[in-house]
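S.K.: For reference, the structure I am asking about is given below.
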Amino acid sequence: MTTQIDQLAKALLDAPVGYVEQTVSMIIKKPVYLKVVEQEPVSGTRYTRKIVIGHGQFPILSAVVNFDSKNIPRTVLTDLLQKKESIGSILRKNNIIVQRRPATINFDRSRKKVTREYEILCNGLVLFQISEEIRLDFLRSCKDS
């Protein structure tokens, strides 16, 4: 069982930038939703965005995204402010090529969840700082149901 959970975690953690939502759906073989729970300016040009990717009542992945609007291309910012799409979908739609720079990855002792922090960069400029919590127990429950 631990090996399978580790494989699920690896598949999700290895998902390319912009494909996390699709990867969750592929793992559980079911449709998923993405909900922008909150997106507010925190000071000046800085924003915080909170999202959930889930299936049914299960919030499989929750994330807090910080970004500075002065670093974001105008077309991307316009889409972000509409609060309808994932950051990855918006970046792909606008043909923005990005890289992920990992900071930390931590499993809890029971290995029911993993947290990670990373940055999304474009041409060396940090566009987004992301902190995620992935519920491996919920991912497994959805996959097995």
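S.K.: For segment 74-129, compute Rg over Rh where Rg is the Cα radius of gyration and Rh is the Kirkwood radius from the inverse mean 1/r over Cα pairs.
M.R.: With Rh from the inverse mean 1/r over Cα pairs, Rg/Rh is 1.09.
S.K.: Now for a different question. Per DSSP H run of at least 4 residues, take -39500 (n - 2.57); add these up for the chain, divide by its residues and hand me the 222 nm value, nearest 500 deg cm²/dmol.
M.R.: -9000 deg cm²/dmol
S.K.: How big is the Rg/Rh ratio for the chain, C-alpha atoms only, Rh by Kirkwood, two decimals?
M.R.: Result: Rg/Rh = 0.97.
S.K.: Could you work out how much longer the chain between Ile105 and Lys93 gets when fully extended? Use 0.36 nm per residue separation minus the Cα distance between them, nm to one decimal.
M.R.: Once the chain is fully extended between Ile105 and Lys93, it gains 1.5 nm.
S.K.: Now, a different point. Relative contact order of the chain: what whole-number percent is it, with Cα pairs under 8 angstrom and at least 6 residues apart?
M.R.: Normalised by residue count, the contact order of the chain is 23 percent.
No lab work stands behind these numbers, since they all come straight from the coordinates. As the structure is a prediction and not an experimental result, all values here were calculated from the model.
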